[in-house]
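What follows is a single structure, written as structure tokens, with notes after it.
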Amino acid sequence: MTLDLRAHIRNVPGFPKPGIVFKDITTLLQDGSRFQKVVDQLADRYRPKQVDAVVAVDARGFIVGSAVAYALKAGLIPIRKKGKLPWKTHCASYALEYGTDTLEIHQDAFTPGSRILIVDDLLATGGTAEAVVKLVRQLQGQIVGVAFMVELNFLKGRQKLESYGVDVLSLVEYDQE
């Protein structure tokens, strides 16, 4: 890694509930030069893969994903929480620590065979990203990679995603909270 992100990510203990240490990326994003370097690192990794569209995950993934899509001159496909997209959708549910949630993508988000890069801010247990992989595959997209700014290794989300045969990139990894 050529950029020390860890020094610019704030730890927020007890958010959103006791026992969790939230990795706050807003402290990184507020510095334009640093944010640009993050986007450049992600875009440079995937530029040779000729990405047709970036699938960005609701909500913080929109921030990073839209900038990466712009840098790659690729389309942007939003994956939203259930009920937020106005057209016909496909949905995938996934487990949370305290229940389940559902993500949706428009049925006509991209044409079959499109080269898709999935971008989100953080990889934890991998449930959200796994649901997105399933949605992209349902639309017959060719996943060229799944990219994150931050990965919490101790929650083993990478292993879940790699079981689908996708390339996983994270710019900074944490081995413990």
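The values are calculated or read from the model by the stated rules, or taken from the named source; none is laboratory data. Just so you know, these numbers come straight off a predicted model, no measurement behind them. Because the Cβ atoms are built from the backbone with ideal geometry, glycine has one as well, and the counts that use them run over all protein chains shown.
Miscellaneous remarks
- Test: residue in segment 134-142 that is in contact with a Phe, Trp or Tyr (Cβ under 8 Å, 6 or more places away or on another chain), within 22 Å of Asp24 (Cα to Cα) and surrounded by 20 or more Cβ atoms within 10 Å (Cβ to Cβ): no
- Residues in segment 28-56 that are at pLDDT below 95 and in contact with a strand residue (DSSP E or B) (Cβ under 9 Å, 6 or more places away or on another chain): Leu28 alone.
- The single condition among (1) closer than 24 Å to Leu152 by Cβ; (2) surrounded by 17 or more Cβ atoms within 10 Å (Cβ to Cβ); (3) at pLDDT 95 or above; (4) not aliphatic (A, V, I, L, M) that Arg115 does not meet is (1).
- Qualifying residue in segment 55-72 (condition: more than 22 Å from Val144 (Cβ to Cβ), surrounded by 13 or more Cβ atoms within 10 Å (Cβ to Cβ) and in contact (Cβ under 8 Å) with a residue 40 or more places away in the chain): no
- Test: residue in segment 98-107 that is in a loop (DSSP other than H, G, I, E, B), buried (at least 19 other Cβ atoms within 10 Å of the Cβ) and either hydrophobic (A, V, I, L, M, F, W, C) or in contact with a Gly (Cβ under 7 Å, 6 or more places away or on another chain) (or both): no
- Qualifying position, being under 18 Å from Val168 (Cβ atoms), among the hydrophobic types (A, V, I, L, M, F, W, C) and in a helix (DSSP H, G or I), among Ala43, Ala56, Ala67: Ala43
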